[in-house]
Amino acid sequence: MSGRGHMPWALGAALLVAGCDNMQRQENVRADEPSKFFANGASARLPPAHTVAQADLAPDDPLGQASVGGAWVQAFPLPVTRELVLRGGERYGIYCSECHGADGYGQGIVVRRGFPAPPSFHEPRDRAEPVGQVYEAIAQGYGIMYGFGDRISPRDRWAIVAYIRALQKTQDATLAEVPAAERGRLRSP
């Protein structure tokens, strides 16, 4: 009697395990290869018409535009706040400093290991570039630098541009520009 109570359970477990055999023989196709799985023979599904990925910007969203009417954007399309600059510094440290260096002079670790040096952000030419041009360089690349458009969101690209502008400002800032309440925190060399 005790053996009969276990019989349906054992049979169910055996059928379940047998049904899992397809895990070892799954069809593995590349995105553009034909497949027998779908009726039309395609291995990939197209998204439904008129869908937009959540991270995509509208074509006319200022956050995604480095130029307007063929001219570089001259002003930031979002408020430049302390938080934005701090976020830009964090992103700069992750994506840019290995080549451009922590200080923006173009002497990052890969340059010290023999990779060609990028231009310094502190050169007059680079300091005069419109913010849209810097944004575009981050997104699409410049010279031998590859683009980060697929790795860095538009908002973070603007944050990096704001941080670069802050780096540039540090080179010619005067003590008079520091708020009086903050001057006491500065140390003299």
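The values are calculated or read from the model by the stated rules, or taken from the named source; none is laboratory data. Only a predicted model underlies this, so the values are computations on that prediction, with no experimental measurement involved. Reconstructed Cβ throughout: ideal geometry from the backbone, glycine too, with neighbour counts over all protein chains shown.
Looking at (1) in a helix (DSSP H, G or I); (2) at pLDDT 95 or above, can you tell me which one residue 182 breaks?
(2)
Please enumerate the residues belonging to region 58-100 that are part of a loop (DSSP other than H, G, I, E, B) and under 14 Å from the mean Cα position of the chain (by Cα).
Across region 58-100, the qualifying residue is only 96.
Which condition from (1) without any contact (Cβ under 8 Å) to a residue 40 or more places away in the chain; (2) in the same structural domain as residue 78 (by TED's automatic domain parsing) is the one that residue 186 breaks?
Against the list (1) without any contact (Cβ under 8 Å) to a residue 40 or more places away in the chain; (2) in the same structural domain as residue 78 (by TED's automatic domain parsing), residue 186 comes up short only on (2).
Exactly one of (1) surrounded by fewer than 19 Cβ atoms within 10 Å (Cβ to Cβ); (2) within 17 Å of the chain's Cα centre (by Cα); (3) touching a residue at least 24 places away in the same chain (Cβ under 8 Å) is unmet by residue 127. Its number?
Every condition holds for residue 127 apart from (2).
Cβ-Cβ distance below 6 Å, separation of 6 or more or different chains: which pairs start in region 81-102 with a residue that is touching a residue at least 40 places away in the same chain (Cβ under 8 Å) and end on one that is of a type in the set (D, E, K, R)?
Close Cβ pairs (under 6 Å, with a partner that is of a type in the set (D, E, K, R)) amount to 91/156.
All but one of (1) among the charged types (D, E, K, R); (2) in contact (Cβ under 8 Å) with a residue 60 or more places away in the chain; (3) over 22 Å from residue 57 (Cβ atoms) hold for residue 155, so report the exception by its number.
(3)
Select from region 86-124 the residues that are buried (at least 17 other Cβ atoms within 10 Å of the Cβ), among the small types (Gly, Ala, Ser) and over 19 Å from residue 155 (Cα atoms) and list them in ascending order.
Once the filter is applied, which keeps residues that are buried (at least 17 other Cβ atoms within 10 Å of the Cβ), among the small types (Gly, Ala, Ser) and over 19 Å from residue 155 (Cα atoms), region 86-124 yields 101, 104, 106, 108, 120.
Looking at this structure, is residue 74 in contact with a Pro (Cβ under 8 Å, 6 or more places away or on another chain), without any contact (Cβ under 8 Å) to a residue 60 or more places away in the chain, surrounded by fewer than 17 Cβ atoms within 10 Å (Cβ to Cβ) and of a type outside the set (A, V, I, L, M)?
Judged against the criteria, residue 74 is a match.
Please go through region 132-166 and pick out each residue that is among the aliphatic types (A, V, I, L, M) and either part of a helix (DSSP H, G or I) or surrounded by 22 or more Cβ atoms within 10 Å (Cβ to Cβ) (or both).
Selection gives 134, 137, 138, 139, 159, 160, 161, 162, 164, 166.
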